[in-house]
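Just below is one structure, and these are the notes that go with it.
The values are calculated or read from the model by the stated rules, or taken from the named source; none is laboratory data. Please read these numbers as outputs of a predicted model, since none were measured by experiment. Note that each Cβ is placed from the backbone with ideal geometry, even for glycine, and that neighbours are counted across all protein chains shown. Just so you know, the surface numbers come from the protein's heavy atoms only, side chains and all, with ligands and any DNA or RNA stripped out. Shrake-Rupley method; radii C 1.70, N 1.55, O 1.52, S 1.80 Å.
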Amino acid sequence: MRSAERQDQLLTGAVHAAADIQTLTVKILVEIHSDVQGIRLALELAAKGMFTTTPNPRVGCVIVKENKVIGSGYTQPVGHAHAEVQALNDAADRGFDVSGSTVYVTLEPCSHHGRTPPCADALIRARVGRVVAAIADPNPLVSGQGLARLEAAGIQVTCGVLEQEAREMNIGFLSRMQRGKPWVRMKSAASLDGMTALHNGISQWITGDEARADGHYWRARACAILTGIGTVMEDDPQLNVRAIDTPRQPQRIVIDSQLQISQHARVLSGGGTLIVAAQSNPEKEKPLRDLGHEVLVLANASGKVDLAALMQELGRRQINELHVEAGFKLNGSLIREGCVDELLVYLAPTLLGDAQRMFNLPALESLEHKKNLTFHEVKQIGADLRILARFI
């Protein structure tokens, strides 16, 4: 099975699993006969935290002794137990001795004191015999130190099993650790000829129910959802997750250079929206802040919102994955500024003719200047196609 297909199965399963963050589905004494089997089971557990672990990575852990699973866990919401501690506690609750066991974990055990103690130390105290990690943790506070600490304690260490699948699971966390900014996914729903709305703005609905529900899944896994003031004024979106169950709503972000947003916009309901402007206006800012929103002023040399600086700021705010649902003007600006990593496009089997398109990009004089992407995945969702394409 291809990695993308396997990852899609894990992510789809997370839609139903994430709502109950305490339930573990691994049957104790299930047999594991290879490192690949062990990490694959740990990845399935990690997917259960798809909507809940942010800003921490999604991590799953399985403890195996004499080829049988004796404990399992996955990272709980921030401030609560990590996957390794969950698995150790699970084994202890069931009366199993983990000494000499093999621990399969999707990310290198942490070695630093954060909101919780180091997982590497917990494994050492438990006297496990071997630890198999899918990938090393690029967090500068860990960065190989967890594995080194385990080896120094006499525990055998293996790293790099199902590495690509593990990276996909935490693509946003890895982006933030390695680049200082979130993984940015831009979503668009269009006709087969690439149109997202009629000239009069009518766009509901181009794609079918299944595609729209799938789009809400991608909203739910993101840390934040971003749109522009144009979309807010034209569509008045709620910009939240509704089509699927989720225990957490992503933060909402609106690019609004001149602070034109109405206090009655639905994207402001409930408070907590981040509004990014290009110029300060205390008179407009105060009522927004009084309603529980934040106004951030980030201007570039042209007097517009500095989009690249915003991505770095969101990285500092521990945003792992940013989901963009905006109009063609902001979409084009984000692409031109190099702020987008991946396109999530739903194509409906319809033709709309000359209408509003997905991206406002300048005309090219030469094909040498085209922006190249690679198809990461193409999948049919209901009657529509879902395309994940990544910028090269």
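Check the straight Cα-Cα distances from K286 and name the aspartates and glutamates below 13 Å, setting aside those fewer than 8 residues away within the same chain.
Of all the aspartates and glutamates, those that pass the test against K286 - Cα under 13 Å, at least 8 places apart if same chain - are E294.
Determine the dipole magnitude for the chain: charges of +1 sit on the beta-carbon of Lys and Arg, -1 on that of Asp and Glu, nothing else is charged, the reference point is the Cα centre, and the result goes in debye to the nearest 20.
Numbers: 41 positive and 43 negative charges, 101 e Å.
Computed charge dipole of the chain: roughly 480 debye.
Of (1) 32; (2) 27; (3) 23, which one was derived for percent of Cα pairs over 35 Å apart from the structure shown?
After the calculation, the listed value that fits is (1).
Using mean Cβ contacts within 10 Å as the protection proxy, how do 275-284, 245-254 order, highest first? Write out the running numbers ahead of the final one.
Working: 275-284: 16.3, 245-254: 19.5.
Going from most to least packed, we get 245-254, 275-284.
Highest first, please rank the peptides 363-372, 213-222 by the mean number of other Cβ atoms sitting within 10 Å of their residues.
The most tightly packed comes first, giving 213-222, 363-372.
Taking the mean number of other Cβ atoms within 10 Å as a proxy for protection, how do you rank 58-64, 119-125 from highest to lowest?
On the way: 58-64: 30.3, 119-125: 21.1.
In descending order of packing, they fall as 58-64, 119-125.
Tally up the carbon and sulfur contribution to the accessible surface of the range 66-181 as a whole percent, 1.4 Å probe, everything protein left in place.
Details: 2150 of 4660 Å².
Here carbon and sulfur together make up 46 percent of the probe-accessible area.
So what is the orientation-averaged projected area of the range 265-311, using the convex hull of its C-alpha atoms, in nm²? Walk me through the numbers on the way to the answer.
Details: hull surface 14.1 nm².
Convex hull of Cα atoms, orientation-averaged projection: 3.5 nm².
When ligands, DNA and RNA are left out and all protein chains stay put, how many square angstrom of accessible area per residue does the chain have with a 1.4 Å probe? Spell out each step's value before the answer.
Details: 17570 Å² over 392 residues.
Result: 45 Å² per residue.
When the helices in the chain are scored as -39500 (n - 2.57) per DSSP H run of 4 or longer and the sum is shared across all residues, what 222 nm value do you end up with, to the nearest 500 deg cm²/dmol?
Working: 12 runs with 117 residues, N = 392.
So the helix-based figure for the chain works out to -8500 deg cm²/dmol.
Just to verify a number: FRET efficiency for R127 and H80, C-beta to C-beta distance, R0 = 22 Å, to 0.05? Let's see the in-between values first.
Details: r = 24 Å, r/R0 = 1.11.
Plugging the Cβ-Cβ distance into 1/(1 + (r/R0)^6) gives 0.35.
Roughly to the nearest percent, how much of the accessible area of the range 203-268 is carbon and sulfur, given a 1.4 Å probe?
Working: 1150 of 2840 Å².
That share works out to 40 percent.
In debye, nearest 20: dipole of the range 57-203 around its Cα centre with unit charges on the Cβ of K, R (+) and D, E (-)?
Working: 15 positive and 13 negative charges, 60 e Å.
Approximately 280 debye in magnitude.
Checking the table K181/K304; K48/K187; K181/K370; K65/K379; K48/K68 against a 27 Å threshold on Cα-Cα, which pairs fail? Write down the numbers at each step before the final one.
On the way: K181/K304 20 Å; K48/K187 23 Å; K181/K370 25 Å; K65/K379 38 Å; K48/K68 21 Å.
Exceeds cut-off: K65/K379.
State the answer as a single residue: which of A213, G338, S191 lies farthest towards the positive end of the charge dipole of the range 189-340, with beta carbon charges of +1 for Lys and Arg and -1 for Asp and Glu, about the Cα centre.
The residue sitting farthest along the positive end of the dipole is G338.
With a cut-off of 16 Å, note down the residues of the range 195-218 whose backbone N falls inside the zone around a label point 7 Å from the Cα of L351 toward its beta carbon.
Counting backbone N atoms under 16 Å from the label point, the list is 195-196.
Tabulate in residue order the Karplus-calculated ³J(HN,Hα) for the range 380-386, using 6.51 cos²θ - 1.76 cosθ + 1.60 with θ = phi - 60°, rounded to whole Hz; enter x for Gly and Pro.
Result, rounded to whole Hz: 7, 10, x, 8, 9, 9, 10.
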